[in-house]
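Quick notes on the structure that follows.
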Amino acid sequence: MSLLKLEGVESFYGASQALFGVSLEVKQGEVVALMGRNGMGKTTTIRSIFGLVRVRTGSIRFENRDIAGMRPHRIARLGLGLVPEGRRCFPNLTVSENLMAAARTGEWTFTKVVELFPRLAERRDQYANTLSGGEQQMLAVGRALMTNPRLLVLDEATEGLAPVIRQDIWSAIAKLKAGGQSILVVDKTLSELLRVVDRCFILEKGATVFEGAPEALTPDMQDRYLGV
Ligand code: ATP
């Protein structure tokens, strides 16, 4: 079943066009990668999904409902959870306050989040701005999970993190996948990304140029579209 489907999406920052035809699909229970070199439109695609950038043409359907043009808070309430680039937790709230502020009814609770990220249990009374980058990313993922999203979206899942912490994030993503969580993920560490995803979409200059299984992504294509 299709959970999220973008067809021919064109988006603008003011008068400046950033997306020129993005198509993308995440089916129920799938982990999907959105890939492409810097500036190709990954973040803009995510911002379009969440109603943060103006979509002029094309459609964005979530559980078969057209969400293009809807207000961001309404979109989030439909069951989309975002872990934005740069994390963005509330700096002056503690770890547990950050998590509880995001809570919505469902299987994800404080207890379940700290089971996934035991570090957050150790840090529960610390202010978010005293956490390391990796801990902040765990908190950002935890906050998104606390909303009990039908689809979890991670923009730059492991960017700027130490290798050992990156592994923690990838293993959390693998656990979420095993639990049936649908995920859309952007990241630059190709090897880890390709290991965990079911399907990939590649953007080039604001348009989708490849859709397929990770095995279908030849070294040639990686070189051409991802600059590997
Ligand atoms: P990166 O990996 O560097 O984050 P990206 O694939 O996420 O890149 P976007 O950030 O979506 O790419 O950028 C797509 C295009 O939109 C680029 O040409 C960029 O210059 C432009 N763009 C991004 N943000 C804005 C903005 N706030 N105003 C105007 N143009 C923007």
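The values are calculated or read from the model by the stated rules, or taken from the named source; none is laboratory data. The structure displayed is predicted, hence computed values, not measured ones. Cβ coordinates were reconstructed from backbone atoms using ideal geometry, including for glycine residues, and neighbour counts include every protein chain displayed.
Can you pull out every residue in region 160-209 that is among the acidic types (Asp, Glu) and either within 16 Å of the ligand (Cβ to nearest atom) or in contact (Cβ under 8 Å) with a residue 60 or more places away in the chain (or both)? Before the answer, list the steps.
Quick first cut of region 160-209, residues among the acidic types (Asp, Glu) only: 168, 187, 192, 198, 204.
Passing the criteria: Asp187, Asp198, Glu204.
Looking for something within 24 Å of Phe50 (Cα to Cα) and polar (S, T, N, Q) - is there at least one such residue anywhere in region 151-172? Spell out how you get there, then give the answer.
Going residue by residue through region 151-172, those that are within 24 Å of Phe50 (Cα to Cα) are 151-160, 169-170, 172.
Next cut, polar (S, T, N, Q) only: 158.
Checked region 151-172: at least one residue is within 24 Å of Phe50 (Cα to Cα) and polar (S, T, N, Q).
Can you pull out every residue in region 55-71 that is crowded, with 19+ Cβ neighbours inside 10 Å and either within 9 Å of the ligand (Cβ to nearest atom) or touching a residue at least 40 places away in the same chain (Cβ under 8 Å) (or both)?
Of everything in region 55-71, those that are crowded, with 19+ Cβ neighbours inside 10 Å and either within 9 Å of the ligand (Cβ to nearest atom) or touching a residue at least 40 places away in the same chain (Cβ under 8 Å) (or both) turn out to be Val55, Ile60, Phe62, Ala68.
For Met1, work out the one condition from (1) at pLDDT below 95; (2) aliphatic (A, V, I, L, M); (3) under 26 Å from Thr189 (Cα atoms) it doesn't fulfil.
That leaves (3) as the condition not met.
When you go through Ser16, Ser11 one by one, which is the residue that is touching a Leu at 6+ places or on another chain (Cβ under 6 Å), at negative phi and small (Gly, Ala, Ser)?
The conditions single out Ser11.
Given the condition within 16 Å of the ligand (Cβ to nearest atom) and surrounded by 15 or more Cβ atoms within 10 Å (Cβ to Cβ), answer yes or no: does some residue in region 85-107 qualify?
yes
Just checking, does region 41-59 include any residue being over 14 Å from the mean Cα position of the chain (by Cα), at positive phi and polar (S, T, N, Q)?
No: zero hits.
With respect to Ala76, is the statement that it is among the small types (Gly, Ala, Ser), away from the ligand (no atom under 16 Å from the Cβ) and over 26 Å from Glu159 (Cβ atoms) true?
Working: among the small types (Gly, Ala, Ser): yes; away from the ligand (no atom under 16 Å from the Cβ): yes; over 26 Å from Glu159 (Cβ atoms): no.
Spelling it out, it is not the case that Ala76 is among the small types (Gly, Ala, Ser), away from the ligand (no atom under 16 Å from the Cβ) and over 26 Å from Glu159 (Cβ atoms).
If I ask for residues that are under 19 Å from Leu82 (Cβ atoms) and in contact with a Pro (Cβ under 9 Å, 6 or more places away or on another chain), which ones from region 127-141 would you list?
Answer for region 127-141, where residues must be under 19 Å from Leu82 (Cβ atoms) and in contact with a Pro (Cβ under 9 Å, 6 or more places away or on another chain): Ala128, Ala140.
Across region 1-54, which residue is nearest to Asp66 (Cα to Cα) among those that are near the ligand (Cβ under 9 Å from one of its atoms), of a type in the set (S, T, N, Q) and surrounded by fewer than 18 Cβ atoms within 10 Å (Cβ to Cβ)?
Looking at residues that are near the ligand (Cβ under 9 Å from one of its atoms), of a type in the set (S, T, N, Q) and surrounded by fewer than 18 Cβ atoms within 10 Å (Cβ to Cβ), I get Gln17.
Would it be correct to say that Phe62 is modelled with pLDDT of 95 or more and either hydrophobic (A, V, I, L, M, F, W, C) or in contact with a Cys (Cβ under 9 Å, 6 or more places away or on another chain) (or both)?
Details: modelled with pLDDT of 95 or more: yes; either hydrophobic (A, V, I, L, M, F, W, C) or in contact with a Cys (Cβ under 9 Å, 6 or more places away or on another chain) (or both): yes.
In short, yes.
Do we find that Phe50 is touching a helix residue (DSSP H, G or I) at 6+ places or on another chain (Cβ under 7 Å) and modelled with pLDDT under 95 in this structure? Step through it out loud before you land on a result.
Values: touching a helix residue (DSSP H, G or I) at 6+ places or on another chain (Cβ under 7 Å): yes; modelled with pLDDT under 95: no.
Against the criterion (touching a helix residue (DSSP H, G or I) at 6+ places or on another chain (Cβ under 7 Å) and modelled with pLDDT under 95), Phe50 does not qualify.
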